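Engineer: Dropping a structure here in structure tokens format, bear with me for questions.
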Amino acid sequence: MEKIDEELLQQIADLHQVPTGSYNIRKNGKSIGSASTKEIEIVPKTNKSGIDIIVKPNVKNKSVHIPVIVTEAGFKDLVYNDFYIGDGADVFIVAGCGIHNDSTKASGHDGIHTFHIGKNSKVKYIEKHLGLGKNMGGKILNPTTNIIMEDGSEFEMETIQLGGVTSSNRLTNAKLKKDAKLIIKEKILTTDNQTATTKFKVVLVKDGASVNVISRSVAKDNSKQKFVSKIVGDANCFGHVECDGIILNNARIVSIPEIDAKNVNASLVHEAAIGKIAGEEITKLMTLGLTQTEAEDLIIKGYLN
Amino acid sequence: MIKLKDVSYYVLDEKTNAQKEILKDINIEFKKNKITVITGHNGSGKSTLMKLLMGISKPTSGEIYYNGTNITDLSVTARANLGITMAFQQPVRFKGLTVKNLLDVASAKTTNLNDVCEYLSTVGLCAKEYINRELDGTLSGGELKRIELAMALAKGGEVFLFDEPEAGIDLWSFEELIKIFKKLKNKTIIIVSHQNKILEIADYVLLLNNIGYKMGKKDEILGKIENSKCARLSEV
Ligand SMILES: Nc1ncnc2c1ncn2[C@@H]1O[C@H](COP(=O)(O)OP(=O)(O)OP(=O)(O)O)[C@@H](O)[C@H]1O
Ligand SMILES: [Mg+2]
């Protein structure tokens, strides 16, 4: 593995060495290392690019790492990964994509992930995105996540866009059955002329289903972000969306919430707040000796942590 | 140590569009290594004066000198680095920053548990319980106030500005608070307070009211208040 590969893997998946358990590392469209275990099987797809990740029922406290890196200038990767989580399983999944591009050509990765979450199973899923490299060459990431949650299942998804991504367009669709519980935490940082769009559609179809979407974003310079969420409550269910944004310089954040209660017992809440950093926070840090820029950077770091 | 020369501070009243005098023609000196307590009724301009000293607000006219140097145009950061340290009347809350993060910034180093323990135990808090707490709305008013003090102590400096440090701190801890001020022996201390117990430790007292100000040795100023018991503060 080259040095830049290691750096990307470390940043997106906290990998310092080959992970224990099941894993698949994809580089420039090809698997460069893969391992299955009897609990979590990784099967390459034959009809299209991608893998099936099959977690056997009742497998507990296991993890699977499937990071993707793109280092070839101008390479456009498209991958379909399907996750089948067995009933009663409890697993930790680390995905994410890092692009390194020093050229002027655009590199990109579109990852289409579909989760079938079995009854009473529990999944924690982390997906980090990062772009590295100078020059104008685009680092484009368009992840799509489809989540189908069976009765009593829990899914916690954390997506983090660490910076350097020229443009991203994320799409998250979820359907929740009885007592299913979905938590989505999203953190996005954009700078320069970057753009990021994130769209959620969550449908709560059975009683006891609940979703909580927490989005924190920071837009600097001339960057633009758009947050669109739609929560449909079609049962005795609960939905909460919170979108907090900090804007600096000439940046812009647009938040478009939609909550649709189709059932009289649905309880849906949306909160959104966008604004610049509170002046008194900067002032306080300046009284401790930081410059204004240092103060802003620290506040942003804390906010996205 | 710190000298104010003809300092005035006016704000524009948004309703009447007229200038409103908050502080007018102040000429005073805060003496080196002495404790000065600023007192006066609500809205008399005490916090405003502290903000002028820290550089958070700029005087409408007049100059401020620090050890003979004109610092009127110095930024907050520059004054902090010169050695001016302030604990706010209303502590600022931070979404996402922990007590440790802020103590790191204040002390300009990466603190370890021992350091944090030292700063927090001085203000009567148990380090372990607070070190990783976010400095947000989940902390009580008194806790925030104590952490605000701890940050000032962790930063250190030559001139300490404490704006109503006793506000929200329970009576039982009052003696501890006084000890903190007494410990800062070779420092210049300026405290805004309404409390007798704090006035007692003052070397100098600055009395602000809506018609002017009076500064002098504690006995001079406090004697006057006592002699004119029935007089209102504003008439002293
Ligand atoms: N930007 C402003 N616009 C209008 N009025 C202001 C502004 N800043 C301060 N003031 C007024 O100046 C006066 C002094 O305020 P300051 O906060 O200094 O009072 P204080 O003496 O610290 O009062 P307290 O004892 O309540 O803390 C108040 O009447 C306040 O309303
Ligand atoms: Mg005040």
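The values are calculated or read from the model by the stated rules, or taken from the named source; none is laboratory data. Given the structure is predicted, the values throughout are model-derived calculations rather than measurements. Cβ atoms come from the backbone with ideal geometry, glycine included; neighbour counts cover every protein chain shown.
Engineer: Quick one: B:VAL37 ticks every box in (1) within 16 Å of ligand 2 (Cβ to nearest atom); (2) more than 19 Å from B:ILE189 (Cβ to Cβ) except a single one, so which number is it?
Structural biologist: All conditions are met except number (2).
Engineer: Moving on to the next point. Which one is nearest to the other protein chains (Cβ to nearest Cβ), of the residues in segment B:40-63 that are of a type in the set (S, T, N, Q) and within 13 Å of ligand 2 (Cβ to nearest atom)?
Structural biologist: Here the residue is B:SER57.
Engineer: Which is out of contact with any Ser or Thr (no Cβ under 9 Å at 6 or more places or on another chain) and under 25 Å from B:ILE178 (Cα atoms), of B:MET50, B:MET54?
Structural biologist: B:MET50 is the lone residue from the list that is out of contact with any Ser or Thr (no Cβ under 9 Å at 6 or more places or on another chain) and under 25 Å from B:ILE178 (Cα atoms).
Engineer: Residue by residue through segment B:165-201, note down the ones that are in contact with a Phe, Trp or Tyr (Cβ under 9 Å, 6 or more places away or on another chain), within 16 Å of ligand 1 (Cβ to nearest atom) and assigned to a loop (DSSP other than H, G, I, E, B).
Structural biologist: Those that are in contact with a Phe, Trp or Tyr (Cβ under 9 Å, 6 or more places away or on another chain), within 16 Å of ligand 1 (Cβ to nearest atom) and assigned to a loop (DSSP other than H, G, I, E, B): B:PRO165, B:GLU166, B:SER193, B:GLN195.
Engineer: Here's another thing I want to ask about it. Considering only segment B:72-92, how many residues are part of a loop (DSSP other than H, G, I, E, B) and either touching a residue at least 60 places away in the same chain (Cβ under 8 Å) or more than 14 Å from every other protein chain (Cβ to nearest Cβ) (or both)?
Structural biologist: 5
Engineer: Among the residues that make up segment A:98-109, is at least one of them among the charged types (D, E, K, R) and closer than 27 Å to A:VAL59 by Cβ?
Structural biologist: no
Engineer: Consider A:ILE66 carefully, then state whether it is among the β-branched types (Val, Ile, Thr) and under 25 Å from A:ILE117 (Cβ atoms).
Structural biologist: Yes.
Engineer: Could I ask something else about it? With in contact (Cβ under 8 Å) with a residue 24 or more places away in the chain, in a helix (DSSP H, G or I) and either under 30 Å from B:GLU129 (Cα atoms) or more than 16 Å from ligand 2 (Cβ to nearest atom) (or both) as the only criterion, which of B:LYS100, B:LYS95, B:LYS32 stands out?
Structural biologist: From the options B:LYS100, B:LYS95, B:LYS32, the qualifying one is B:LYS100.
Engineer: Additional query: Can you name every residue in segment B:103-131 that is away from chain A (no Cβ under 11 Å), within 22 Å of the chain's Cα centre (by Cα) and in contact (Cβ under 8 Å) with a residue 24 or more places away in the chain?
Structural biologist: Correct list: B:TYR119, B:LEU120, B:THR122, B:VAL123, B:GLY124, B:LEU125.
Engineer: While we're here: Considering only residues that are part of a strand (DSSP E or B) and more than 11 Å from A:ASN101 (Cβ to Cβ), which ones fall in segment A:119-135?
Structural biologist: A:LYS122, A:VAL123, A:LYS124, A:TYR125, A:ILE126, A:GLU127, A:LYS128, A:HIS129, A:LEU130
Engineer: So which residues in segment B:196-217 are at pLDDT below 90 and surrounded by 15 or more Cβ atoms within 10 Å (Cβ to Cβ)?
Structural biologist: Across segment B:196-217, the qualifying residue is only B:ASN209.
Engineer: May I ask you to verify whether A:GLU296 is more than 7 Å from every other protein chain (Cβ to nearest Cβ) and either at positive phi or surrounded by 15 or more Cβ atoms within 10 Å (Cβ to Cβ) (or both)?
Structural biologist: Spelling it out, A:GLU296 is indeed more than 7 Å from every other protein chain (Cβ to nearest Cβ) and either at positive phi or surrounded by 15 or more Cβ atoms within 10 Å (Cβ to Cβ) (or both).
Engineer: Is it the case that some residue within segment A:148-170 is surrounded by fewer than 18 Cβ atoms within 10 Å (Cβ to Cβ), of a type in the set (D, E, K, R) and farther than 22 Å from A:GLY88 by Cα?
Structural biologist: No, that holds for no residue.
Engineer: Residues A:ILE53, A:ILE25: which one is more than 23 Å from A:SER121 (Cβ to Cβ) and either β-branched (Val, Ile, Thr) or not in a strand (DSSP E or B) (or both)?
Structural biologist: A:ILE25
Engineer: Output the residues belonging to segment B:132-152 that are assigned to a loop (DSSP other than H, G, I, E, B) and either surrounded by fewer than 18 Cβ atoms within 10 Å (Cβ to Cβ) or within 13 Å of chain A (Cβ to nearest Cβ) (or both).
Structural biologist: Of everything in segment B:132-152, those that are assigned to a loop (DSSP other than H, G, I, E, B) and either surrounded by fewer than 18 Cβ atoms within 10 Å (Cβ to Cβ) or within 13 Å of chain A (Cβ to nearest Cβ) (or both) turn out to be B:ASN132, B:ARG133, B:LEU135, B:ASP136, B:GLY137, B:THR138, B:SER140.
Engineer: Still on this model: Could you figure out which of (1) away from ligand 1 (no atom under 16 Å from the Cβ); (2) within 14 Å of chain A (Cβ to nearest Cβ) isn't true of B:TYR66?
Structural biologist: The one condition B:TYR66 does not meet is (2).
Engineer: Here is a list of conditions, (1) facing chain B (nearest Cβ under 9 Å); (2) surrounded by fewer than 15 Cβ atoms within 10 Å (Cβ to Cβ), and A:LEU290 meets all of them except one; can you say which number that is?
Structural biologist: (2)
Engineer: Here are the criteria: (1) away from ligand 2 (no atom under 16 Å from the Cβ); (2) in a helix (DSSP H, G or I); (3) in contact with a Gly (Cβ under 6 Å, 6 or more places away or on another chain). Tell me which single one B:GLY157 does not satisfy.
Structural biologist: In the conditions (1) away from ligand 2 (no atom under 16 Å from the Cβ); (2) in a helix (DSSP H, G or I); (3) in contact with a Gly (Cβ under 6 Å, 6 or more places away or on another chain), B:GLY157 misses (2) alone.
Engineer: Looking at segment A:28-41 only, could you name the residues that are assigned to a strand (DSSP E or B), in contact (Cβ under 8 Å) with a residue 24 or more places away in the chain and under 15 Å from A:VAL68 (Cα atoms)?
Structural biologist: A:ILE32
Engineer: Here are some conditions: (1) within 14 Å of chain B (Cβ to nearest Cβ); (2) of a type in the set (Ser, Thr, Tyr); (3) surrounded by fewer than 17 Cβ atoms within 10 Å (Cβ to Cβ). A:TYR303 meets all but one. Which one does it not meet?
Structural biologist: So A:TYR303 meets the others, but not (3).
Engineer: Let me ask something else about it. Scan segment A:230-283 for residues that are within 14 Å of chain B (Cβ to nearest Cβ), out of contact with any Ser or Thr (no Cβ under 8 Å at 6 or more places or on another chain) and either buried (at least 19 other Cβ atoms within 10 Å of the Cβ) or of a type in the set (Val, Ile, Thr) (or both) and report the count.
Structural biologist: Adding up the residues that qualify gives 4.
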